[in-house]
Every structure is written in structure tokens, then in C-alpha cells.
Amino acid sequence: MSKKLKYWLVFLIFLNGYVSLSLELVVLRQLSFYVGSSAVITSIIMGTFLGFMSLGYFLGSSEKIKSKNIRNILCVSFLLIALIAFASSSFPLVTEYFSWLYSGGFTSSVIQTFLYSFTFLSIGPFLFGFNTTLLSRCLHRYNTNYTGNIMAWDTIGSVMGSLLTTLILMPFIGVNYTVILVVVLSLFAAVITRPKWIVFLLAAIILVPSIFVNTNDYQYKKYGILVNNANSTISVSDYGDLKILYMNSLPMSVYSKQSNKMAEYIDYINENFIYNMPHDKVRKILVLGAGGFTAGLNDTFNEYTFVDIEHTLKDVVEEYFLDKPLTSNKKFIVQDASQYLKNTTESYDLIILDVYSNSFQIPEGLITAEFMERIKSRIAPNGIIIMNMIVSQSFKDKYSQVFDNTFHAVFKNNTQRQVIGTNNPWTGQDIANVLYVYYNHENDGRIYTINKTPVIYDRY
């Protein structure tokens, strides 16, 4: 074996490791919009990925595979990886896939993840493991003591795929172009393994639709996508007078410029908690989960702090959603909500928590008693905390019940539960926007009993 061939084999091992981790991270990011990113979801995806990769390691060592066929097998393998990467991580295709699942009655995020994983994360990971074993067999013929180097280069590729994908590629060039890069690298590996015209033709057949579907122009025309980075896919649908801001395929904010109407729960908060504030002093208002910045949109008197992890949100909202800049009394901080509460020393007169986008995609760390204690520590005397939740009005599911228990474990007194809109608690499905409200007033915890009822003194 020539030294040049040895270097090519090492490079392919590195590339195989890079593509495998990069693809896994892109898949995790794309699926988070539809099934969330909880530990259960992540474990299903990673378990499937690693399980089929292990099977690939095992079958790649079969003695039935002849040495003379290895280059052809590797070429076909990398072509299939490119095809799987295109099919499994392109946003338009993933969107269509989950639409089919919902129309087929598969609404459980766990079942959806299992079906997706066994459909798309079986062949690709299997081939990653299979390729590593085949390339290792070639290198062992050159040097039987090369095992450590093989493992090292495969791991280095995985590390580079992990760091570059999450820290540089997805944030700066976007997830869609990261998908194209994964496809291109896989096709490049196929071409250098067997540089024949048929391979170039097959590579072109895979590459052309991959580029077309993942371009900014296509995704903007089809889905109105304006931002597609590591954190968010943001789009705005314009229906004349009405605009809807979507983040990660979910409606986040509604705004009608002509009627000045917003989402129903935002209108309720504005009318009952913000626009009726007395002007005796400037009050500090904290909004965790900025959305379309519609909370207090027309209030130019009080001081607002909006906190969100998506750094492009303010620019997108001002240019495409509100069609105007935010007023000078509103500032935007790019940070995780929990970390902001941990680090700030400010106390707020009103805190609005609006990070729960739906009942199945829930930031798990933000529904805990510990997080609620952190919010409670930042509310000023006589201040108000409002949490917008999407839960069952009549506590028909465990999630709605346990969240309610958690809320009242922290906020024991002076609470309100306001269901927004019209809902029928007698039906099987009564999911609604429910505002959990806490009023930070002194409360001694007394109750009235038949033996002691000093209500006349308490009331007057």
C-alpha cells in the first residue's frame, strides 16, 4: 500500500466520523420542533443511532466481504449516506413527514420519534459503522498496529463535526446549508473512493435536489422562512391586515396593524395588566420569551426587558412582522431565561413568562419548582407574575395536573387561573391558553372555620 493511499484512507475515516456526528446533531435540531428535545426524545435518537452503528461495525468485519470489492462497497455506502442525509434532515421533507404522521393518527412524540428513527436513522448510522470497519481492514493490511490511529482519527472527525456544526455552521450559515455541506462531503467521499463517470452522475442526481430544497430562496418561497439557524426557524405569514410570526413551525405571535389586535391571550394581558397601569411611576416589566414583542406593544411609558435566546428575533420582528422599530422603552437581551433570572439583581413589577409554545414541545427546565422559585425571587413587592401555559382546562391529562401542582407548591397563595377563549370542559379535548397568575401580596395563610370567622374585620 502506498503512503498516498494510506493518507486517503485515514482522511476517509476522519470524514466518516465528521459526517456521522454532524448529521446526528442536525437531525436532533430539526426534530426538536416537532417532538421536543427532552431526555427521552434524545435518548431514542441517540440509542437508535448508536445501535445501528454498532451493527455496522459487526457486519463490516464479515469474512464474506472480499478485499477487491471494498472500494465499490464504500462508494455505494457514501452515496446512500448522502441520500439519507438529504431525506432525513431537509426541513421541507421533515415537515412533510410529520404531516403524514399526524394525518395518520400518530400524535405521541415518543411514537413519532421511534418511527422516524427506525425509518431514517437505521441505514445511515449502520453505514457509518460499516464504513469504519471496512476502512480499518484496509489500513490493517498496511500496518496491523494501526488500530489506535484509526480510532483516533474517527474520534477527531466526530469531535470536529460536533464543534463546527453547533458552534459555527448552524449559527452562521444556517441549518439548511449545513445539510447541503453534509451531503456534499458524503458525495465527495464516494467520488474519491471510486472516481468513475457513473459515480459522478449518481452524485449529481442526489446533489441537485439537495441544494434546491435547502436553498434560502426555496424555503422562503414555500414556507416564508427568514431565519434558519441553530436555535430557530423563523417565518412570517402575511394575510394582508393580519400577520403571524412562526418559530420552529409553531405560531408565536399574531398582529393586526389595522385593528391593533394580537393573540387573544396577549390582548387579555395587555388590557387587564399593562394598559391599565397607573402612571404614578415607571414600572419595570420583564418578558421571558419575546415572541413578536406584542406584550405592551403600545405602552411607551413603562420600562420593558425582553429576554429570548434567538439573537435575530428583534430584527426580524421589526422588519417583517411589526413593520416598525420597537419604542425606546423596550430593550432586548439575548440569553436563556433561567440564566438571566439567575444573574440579574433587578426586581420587576410584572413578569410575563411566555416560553411554552405548545403542549408537546416544552422546555423541561422551565416547568420545575426550582425555576419558579427563581422567578419568584425577582418579583417586586405587590408585583404580578403571569405564566402563559397551554394545558387542559379541566386537568384531563397528567401534565396539566402535575404542572398545576408544581405551580401551587411554589405560589401557595394569591393565585389566579384564567382560561382564555371559549372551551368546553365536557369534551375529550380542551387544550387552551391558560394564564397562571400570582399576586405578590402579604398573606398570613389563615382560613375561615365554623369556630372562627372574623370576616367582617378582614373585609373592612
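For Ile225, the residues whose amide H sits under 5 Å from its own are Tyr220, ignoring neighbours fewer than 5 places away on the same chain, with H placed 1.01 Å from N.
Counting only protein heavy atoms and a 1.4 Å probe, the chain has 48 square angstrom of accessible area per residue. Direction-averaged projected area, Cα convex hull, segment 265-382: 7.7 nm², rounded to one decimal.
When the Cα positions of Thr95, Gln30, Leu83 are compared along the charge dipole of segment 2-108, Leu83 comes out farthest toward the positive end, with charges on each C-beta of Lys, Arg, Asp and Glu.
Once the mean of 1/r is taken over each pair of separate Cα atoms and inverted, segment 21-109 shows a Kirkwood hydrodynamic radius of 15.2 Å.
Taking the convex hull of the alpha carbon positions in segment 193-254 and averaging its projected area over all directions gives 5.9 nm².
For segment 1-51, the convex hull drawn through the C-alpha positions has a volume of 63 cubic angstrom per residue. Mean separation of Cα pairs under 8 Å and 6 or more residues apart, divided by the residue count, gives the chain a relative contact order of 13 percent.
Rounded to the nearest angstrom and listed largest first, the equivalent-ellipsoid semi-axes of segment 297-441 from its Cα gyration tensor are 27, 20, 15. When all protein chains stay in place, what accessible area (Å², nearest 10, 1.4 Å probe) is found for Met389? Answer for Met389: close to 0 Å² accessible. Here Lys196 is the anchor, and the lysines within straight C-alpha reach of less than 23 Å, apart from those fewer than 8 places off in the same chain, are Lys3, Lys4, Lys6, Lys66, Lys68. Applying D = kT/(6 pi eta Rh) to segment 380-450, where Rh is the Kirkwood radius over alpha-carbon pairs, T corresponds to 37 °C and eta to 0.692 mPa s, the Stokes-Einstein value obtained is 243 µm²/s.
Computed over the alpha carbons of the chain, Rg followed by Dmax gives 27.1, 98 Å.
Only one residue of Asn451, Ile367, Gly56 has its Cα farthest out toward the positive end of the dipole of the chain, where Lys and Arg carry +1 and Asp and Glu -1 on Cβ, and that residue is Gly56.
Here is how the number arises for the chain: DSSP H runs of 4 or more residues each give -39500 (n - 2.57), the sum is divided by the residue count, and the result at 222 nm is -16000 deg cm²/dmol. Taking only the alpha carbons of segment 417-460, we obtain Rg and Dmax values of 17.3, 45 Å in that order. Above 14 Å, the calculated P(r) of segment 67-129 contains 64 percent of its Cα-Cα pairs.
Over the C-alpha atoms of segment 154-277, the Rg to Rh ratio, Rh being the Kirkwood estimate, stands at 1.20. Pairwise inverse Cα distances across segment 72-226, averaged and inverted, put the Kirkwood hydrodynamic radius at 17.3 Å.
The values are calculated or read from the model by the stated rules, or taken from the named source; none is laboratory data. Please read these numbers as outputs of a predicted model, since none were measured by experiment. Quick reminder, even Gly has a Cβ in these numbers, built from the backbone with ideal geometry, and neighbours come from all protein chains shown. These accessible areas exclude ligands, DNA and RNA; they are computed on the full protein's heavy atoms, side chains included. Shrake-Rupley method; radii C 1.70, N 1.55, O 1.52, S 1.80 Å.
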